[in-house]
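Participant: Could you have a look at this structure, given as structure tokens, before my questions?
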Amino acid sequence: MNKLFVYISALLLLSCSVKEPKAERQLDVLPEIYPDYVDVTIPSNIAPLRFMLKTGTDEAIAVLSCRTNQIIEKADESKFLFDESEWKDLLKQAKGQDIQLKIYQKQDGSWAEYQSFPIHVANEEVDSHLAYRLIPPGYEPWYRMGIYQRDITTFKEKAILENTQTDNNCMNCHSFPMQNPDKMLFHMRAVYGGTYLINGNDVEKLDGKVGDEIASFVYPSWHPSGDFIALSTNKTLQSFHRAHSNRIEVYDENSDVFVYDIKRHKVLTDSLLFSKNAFETFPTFSPDGKSLYFCSASIPDTLKMPRDFKTIKYNLCRIDFNPDNQTFGTEVDTIYSVRKEGRSAKFPRVSPDGKFLVFTVSDYGNFSIWHHDADMFIYDFSKKAYTPLNEANSNDTESYHSWSHNSRWLVFSSRRDDGLYTRPYITYIDENGKAHKPFMLPQEDPDFYRSFMFSYNIPEFIQGEVKIDSKTLINIAKNGTAKQVGF
Amino acid sequence: MRMRKNKPLNPTNVPVDRDKRDVWIQILTYLILSVLVFWFLQKFCRYDYTYDEQFRMFRYSWNYAEPLLFSAGGISTYIADYLTQFYYWPACGALINTLFFLGTALGVFFILRKLIPDYLTSFFAVLCGLVIVVLETDLNYQTENTLSILLILLALNCILYAPNKAISSVVFMVSTVVVGYITGHFMYVFILGLVAFLFYVFGMEKFTRKFRSKIPPQNFVLRQVISVILCICALWLGLNFFTERHHNQSTRLKCLETLRWRKDWDGILALPYMKLSPTTLYAAYQNLALANKGVLSEQFDKYPQLGVEGLWSDNHGLQYELLLFSDIYFVQGNVAASQMAAFNGFYYSGKTVLPTALLRLVETNLINGSYQVAEKYISLLEETLLYKKPASEYRKFLNHPELIEQDPVLGPLKKLTQGLDGLSSDMFTDLKKIVQANPDFKAAKDYLDCYTKLSHE
């Protein structure tokens, strides 16, 4: 027992006395670390950016310093597992500055120092929580999935709802108005099918079928007032490629856009949004609530799906919306034109400050998560011009994205990590609309993503925790009556 | 010595020596019964175990262990996963399950010995042991439940047989926490432990002793004979169950799946029921075996054929169907369909296990040039005991398409996919396109020929 005490004390002492080594050699290369946090820009309230050294499992030490504050961390089997409170202290001092990171590794018995690199800490904080769906990145059938929330200032993740509680049905399209966690929308498919609207502790279940025109509610976007939700209704099908790296093709055979009036339980639409000559989808409101952006693809009379799947390309459009009298404008503006660019736009999202609009572009179609060529573009309202978000894009898929409430952070899903499983990345968008190198959402174990077999789907920033109890949701799903919606 | 003075610790009205002898006879009986149980399990249930092996994937990594070790009930899952990997080898499944039988039977025996007339205890104990091994053959039953039962039995025995009340109370408290954490069943452990503890503290044996002494026969030899006969009856009941189910569809399917995973094509063709009671499903296995042997077209007529559904089907909703058809599409050269079926099979239950499906996904991703995700799967498989070697052998293909092209299995499939495009519509159309683009690809051509023959019949 005494011996054990001595060992533990010795170990504790040793662990406390990690010192910055004196390097005998300077290496001319940057360290290979996973996830790649070299030169990234981070918010000052993010959880520790724990990472691992990809080059060998030799003894290694990381030194993070900013002004007078310093963290010296010894690698635990090549993993640098920074303490949360030390990290927070460091970030507090580093706000608006750089943290300089030096990594030493023992190679052939002597210490070698890699090229140091900075981690930039922005002045602006990020929203504290991220909501996402975890699903297998696969084909039509679903077995296990759920909507989760992660406190990104720590490593705590909680389930909002898992489909193991609802007979393994499908649940999707969670959405929040202006990053407000108290109001939420999501759909359930198959068993307990319907659209669920959460307002504080109240839950309303809606029957998504409206007349013969609307079979179900699909892609949502809240009006900033919280009184309306823009939605699309889509007849979506899926097939897989006989031999193509994109694997799967998801396409619509029909789609239209409408606005759901929450107070009146009514659907509002217009022939410009609900046309037989076009597929309209992915609606989103501007932060002032006076514009509705959506994607629209012209369809020829001869169109036959899936035969012509590569010919469907979406314009990015805008139409006026008047929330006071619930009417739409009479003209549609085209922001991104298929005729001009030859490619297809989707997922428009306007920054809460109304200055920028980020959307995804790929060669064709609307379901860009399966398109390796998909990249994000940013539209600057002051310049009336769009450019690719090169600093945030990669050679692989970038698709769904959402803004933080202060318009400085953008979270997006990307397949760059392994080519299949989407992971959430966060990028800083400065006042000029320029993206900075993004970082993958940090995990408690830096090796987590390597063996995690689910995709992060629809990452949405929220300003706090979704507090609704899953039991309440399940009770409404199983015993509640769906409210009918009319025109 | 203290035990002799303390009457409640020798609850029966038989002399201590005889009581001890009685216990040893019972233990010896259990050991003999265990040998029989092992023999029967190995004879009738070996494919249950080899099949189960695929539905867990124990990985030698902290990343895998940590969430299990630090969650209530996770340790029993960790141990169950660990044990199940050994089911791969012949007789290991039967051996581990025999130990489950023996552990349960002895655990129950020693508890009941305190509670009810001693010569009936063996019968109940054997029955409980058999119930466990029967449950273990059900795919929906979780081995962690057996481990939980064994640990709870151990804790109850420790409480009941503690040398004094103080130790018994400590054991009760410690076991509630430790066994409760390991099994995740705090409430059950607490309630059962409390009952055992109260039984011990209040000397409840005084009451049960009265019954013991009245139940005939009192003759020691006769009691043992009755005990053994009852045990044999229990065993007979259990074994009857196994022999019955040995011929049912589920057990046959587990056998076929095991042979398919192991690529034992001759083994599949040699199964007697393939010819004696053919079904479209059996035909699909049989034709897959013939195709893999390269003789589908030549020997097609020598085996029972039940229409085109015996070749493949576009409808595959169940997990074993998905995995079977993944193999069929693969041998046909339809890499995309094979990948789709393997992927859906892999995620079927929400548990991301099935190492053979993962190996298939490694192959399809290598063929398609998706090296990063192939590497991810290889890394996971390299953390297992059984699949480390085959997975590592694929590592050399990462980022080396020229090596893939030289591989006798992956090479022709890679070449074949280069001639395909468009979206898959149905498997027949896909097969036709494969044959049109690659008329020399024998397995695909054989399947198409057989399909044409069967569709004309």
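Participant: Where in the range B:344-405 are there helices (runs of 4 or more DSSP H), lying fully within it, with 1 or more residues that are under 15 Å from A:Phe452 (Cα atoms) and not small (Gly, Ala, Ser)?
Facilitator: Where helices (runs of 4 or more DSSP H) fall fully within the range B:344-405 and carry at least 1 residues being under 15 Å from A:Phe452 (Cα atoms) and not small (Gly, Ala, Ser), they are B:355-368, B:371-381.
Participant: For the range A:49-126, please list each of the strands (runs of 3 or more DSSP E) lying entirely inside it that holds at least 1 residues being more than 18 Å from A:Tyr34 (Cβ to Cβ) and among the acidic types (Asp, Glu).
Facilitator: Because the criterion is at least 1 residues that are more than 18 Å from A:Tyr34 (Cβ to Cβ) and among the acidic types (Asp, Glu), the strands (runs of 3 or more DSSP E) in the range A:49-126 that meet it are A:98-107, A:110-113.
Participant: In the range A:166-179, what residues are in a loop (DSSP other than H, G, I, E, B) and touching a strand residue (DSSP E or B) at 6+ places or on another chain (Cβ under 7 Å)?
Facilitator: Of everything in the range A:166-179, those that are in a loop (DSSP other than H, G, I, E, B) and touching a strand residue (DSSP E or B) at 6+ places or on another chain (Cβ under 7 Å) turn out to be A:Thr166, A:Asn169, A:Phe176.
Participant: Could you say which residue among A:Ser344, A:Ser298, A:Ser275 is more than 28 Å from the chain's Cα centre (by Cα), among the polar types (S, T, N, Q) and farther than 29 Å from A:Leu206 by Cα?
Facilitator: Among A:Ser344, A:Ser298, A:Ser275, only A:Ser298 is more than 28 Å from the chain's Cα centre (by Cα), among the polar types (S, T, N, Q) and farther than 29 Å from A:Leu206 by Cα.
Participant: In the range B:274-281, is there at least one residue being farther than 20 Å from B:Asp52 by Cα, assigned to a helix (DSSP H, G or I), more than 14 Å from chain A (Cβ to nearest Cβ) and of a type in the set (Lys, Arg)?
Facilitator: Checked the range B:274-281: at least one residue is farther than 20 Å from B:Asp52 by Cα, assigned to a helix (DSSP H, G or I), more than 14 Å from chain A (Cβ to nearest Cβ) and of a type in the set (Lys, Arg).
Participant: Just wondering, is there one or more residues in the range A:106-129 that are among the basic types (Lys, Arg) and either more than 30 Å from B:Asn344 (Cβ to Cβ) or without any contact (Cβ under 8 Å) to a residue 40 or more places away in the chain (or both)?
Facilitator: Checked the range A:106-129: at least one residue is among the basic types (Lys, Arg) and either more than 30 Å from B:Asn344 (Cβ to Cβ) or without any contact (Cβ under 8 Å) to a residue 40 or more places away in the chain (or both).
Participant: Could you grab me the full set of residues in the range A:132-186 that are away from chain B (no Cβ under 14 Å), within 20 Å of A:Ile476 (Cβ to Cβ) and among the hydroxyl-bearing types (Ser, Thr, Tyr)?
Facilitator: Hits for the range A:132-186 are A:Tyr148, A:Ser175.
Participant: Can you pull out the residues in the range A:335-365 that are out of contact with any Cys (no Cβ under 6 Å at 6 or more places or on another chain) and among the charged types (D, E, K, R)?
Facilitator: A:Arg339, A:Lys340, A:Glu341, A:Arg343, A:Arg349, A:Asp353, A:Lys355, A:Asp363
Participant: Follow-up. Quick one: which residue in B:Lys396, B:Lys415, B:Lys388 is more than 8 Å from chain A (Cβ to nearest Cβ), under 28 Å from A:His371 (Cβ atoms), among the charged types (D, E, K, R) and out of contact with any Ser or Thr (no Cβ under 9 Å at 6 or more places or on another chain)?
Facilitator: Matching residue, one of B:Lys396, B:Lys415, B:Lys388: B:Lys415.
Participant: Also: Hey, A:Leu81 hits all of (1) touching a Phe, Trp or Tyr at 6+ places or on another chain (Cβ under 6 Å); (2) within 14 Å of another protein chain (Cβ to nearest Cβ) but one; which does it fall short on?
Facilitator: A:Leu81 satisfies every listed condition except (1).
Participant: Name the one entry in A:Phe274, A:Phe240 that is assigned to a loop (DSSP other than H, G, I, E, B) and among the aromatic types (Phe, Trp, Tyr).
Facilitator: Step by step, each of A:Phe274, A:Phe240 is checked, and only A:Phe274 is assigned to a loop (DSSP other than H, G, I, E, B) and among the aromatic types (Phe, Trp, Tyr).
Participant: Go through the range A:354-381 and report how many residues are modelled with pLDDT of 95 or more, under 16 Å from A:Ser413 (Cα atoms) and of a type in the set (Ser, Thr, Tyr).
Facilitator: Total satisfying the criteria: 2.
Participant: Going by the conditions given, is B:Ala72 surrounded by fewer than 16 Cβ atoms within 10 Å (Cβ to Cβ), in contact with a Phe, Trp or Tyr (Cβ under 9 Å, 6 or more places away or on another chain) and either away from every other protein chain (no Cβ under 14 Å) or within 14 Å of B:Glu383 (Cβ to Cβ) (or both)?
Facilitator: Yes, satisfied.
Participant: Those residues that are among the hydroxyl-bearing types (Ser, Thr, Tyr), within 30 Å of A:Ala60 (Cβ to Cβ) and at pLDDT 95 or above, I need them from the range A:108-159; list them, please.
Facilitator: Of everything in the range A:108-159, those that are among the hydroxyl-bearing types (Ser, Thr, Tyr), within 30 Å of A:Ala60 (Cβ to Cβ) and at pLDDT 95 or above turn out to be A:Tyr114, A:Ser116, A:Thr153, A:Thr154.
Participant: How many residues are in contact with a Phe, Trp or Tyr (Cβ under 8 Å, 6 or more places away or on another chain) and either assigned to a helix (DSSP H, G or I) or not aliphatic (A, V, I, L, M) (or both) when one looks only at the range A:328-337?
Facilitator: Counting residues in the range A:328-337 that are in contact with a Phe, Trp or Tyr (Cβ under 8 Å, 6 or more places away or on another chain) and either assigned to a helix (DSSP H, G or I) or not aliphatic (A, V, I, L, M) (or both) gives 3.
Participant: Could you grab me the full set of residues in the range B:312-351 that are farther than 21 Å from A:Arg144 by Cα, in contact with a Ser or Thr (Cβ under 9 Å, 6 or more places away or on another chain) and hydrophobic (A, V, I, L, M, F, W, C)?
Facilitator: Once the filter is applied, which keeps residues that are farther than 21 Å from A:Arg144 by Cα, in contact with a Ser or Thr (Cβ under 9 Å, 6 or more places away or on another chain) and hydrophobic (A, V, I, L, M, F, W, C), the range B:312-351 yields B:Phe325, B:Ile328, B:Phe330, B:Val331, B:Val335, B:Ala336, B:Ala337.
Participant: From the set of residues in the range A:215-270 that are farther than 19 Å from A:Lys313 by Cα, surrounded by fewer than 18 Cβ atoms within 10 Å (Cβ to Cβ) and in contact with a Lys or Arg (Cβ under 9 Å, 6 or more places away or on another chain), which is nearest to the other protein chains (Cβ to nearest Cβ)?
Facilitator: Among those residues, the one meeting the criterion is A:Ala215.
Participant: Might you let me know whether the range A:338-358 holds any residue that is loosely packed, with under 15 Cβ neighbours inside 10 Å and not in a loop (DSSP other than H, G, I, E, B)?
Facilitator: Yes, there is a match, as at least one residue in the range A:338-358 is loosely packed, with under 15 Cβ neighbours inside 10 Å and not in a loop (DSSP other than H, G, I, E, B).
Participant: Follow-up. Pull out all pairs, ordered by first then second residue, where Cβ-Cβ is under 9 Å, the residues are six or more apart or on different chains, the first lies in the range B:439-453 and is of a type in the set (S, T, N, Q), and the second is surrounded by 17 or more Cβ atoms within 10 Å (Cβ to Cβ).
Facilitator: Close Cβ pairs (under 9 Å, with a partner that is surrounded by 17 or more Cβ atoms within 10 Å (Cβ to Cβ)) do not exist here.
Participant: Which ranges mark the helices (runs of 4 or more DSSP H) fully within the range B:23-98 that have 3 or more residues being farther than 23 Å from B:Glu244 by Cβ, among the hydrophobic types (A, V, I, L, M, F, W, C) and at pLDDT 95 or above?
Facilitator: B:74-84
Participant: Also: Given the structure, is B:Tyr371 within 26 Å of A:Tyr421 (Cα to Cα), more than 9 Å from chain A (Cβ to nearest Cβ) and of a type in the set (Ser, Thr, Tyr)?
Facilitator: It is false that B:Tyr371 is within 26 Å of A:Tyr421 (Cα to Cα), more than 9 Å from chain A (Cβ to nearest Cβ) and of a type in the set (Ser, Thr, Tyr).
The values are calculated or read from the model by the stated rules, or taken from the named source; none is laboratory data. Since the structure is predicted, the reported quantities are computational estimates derived from the model, not experimental observations. Here Cβ is always computed from backbone atoms with ideal geometry, including for glycine, and neighbour counts include all displayed protein chains.
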